[in-house]
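Student: My questions all concern the structure below.
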Amino acid sequence: MKEKKLLIVVIILSVLLVSAAGYIIFGKYKESVLQKESEAYNTGIYDGYEQAVIDLHGMLSKCQQVPITVQNQTINLIAVECLNSE
């Protein structure tokens, strides 16, 4: 009888140990996935800003007016060099 109780306690503790290890491993995996997604998101934002500046530079270097709109307010940009040449 004592051996059966000991066996049941060992089985219960083993199940709890496996469950705890699984919970910790799943948490670490989820954290790793979230970190990779966050890095990809931040890289995308940086690349978008960089491309916007490159596009602005390209249009402004051709003496084109470039409208910029922020919160329903629009201004037109033009390179100073283009104003002096006219």
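The values are calculated or read from the model by the stated rules, or taken from the named source; none is laboratory data. Just so it is clear, the structure is predicted and the values come from calculations on it, not from any experiment. Positions of Cβ are generated from backbone atoms using ideal geometry, with glycine treated the same way; all protein chains shown enter the neighbour counts.
Student: Out of (1) part of a helix (DSSP H, G or I); (2) more than 25 Å from the chain's Cα centre (by Cα), what's the single condition that is false for L34?
Tutor: Only one criterion in (1) part of a helix (DSSP H, G or I); (2) more than 25 Å from the chain's Cα centre (by Cα) is unmet by L34, namely (2).
Student: Another question about this same structure. Just one of (1) within 32 Å of the chain's Cα centre (by Cα); (2) at pLDDT 95 or above trips up V53, so point out which.
Tutor: Exception for V53: condition (2).
Student: It is to be established whether one or more residues within region 65-76 are in a loop (DSSP other than H, G, I, E, B) and either among the small types (G, A, S) or on the phi > 0 side of the Ramachandran plot (or both).
Tutor: Within region 65-76 (the criterion being in a loop (DSSP other than H, G, I, E, B) and either among the small types (G, A, S) or on the phi > 0 side of the Ramachandran plot (or both)), the answer is yes, since at least one residue qualifies.
Student: Considering only region 69-86, state which residues are within 33 Å of the chain's Cα centre (by Cα) and free of Cβ contacts under 8 Å to residues at least 12 places away in the same chain.
Tutor: T69, V70, Q71, N72, Q73, T74, I75, N76
Student: Please state which of the following conditions L60 fails to meet, knowing it meets all the rest: (1) surrounded by 10 or more Cβ atoms within 10 Å (Cβ to Cβ); (2) farther than 24 Å from C82 by Cβ.
Tutor: L60 satisfies every listed condition except (2).
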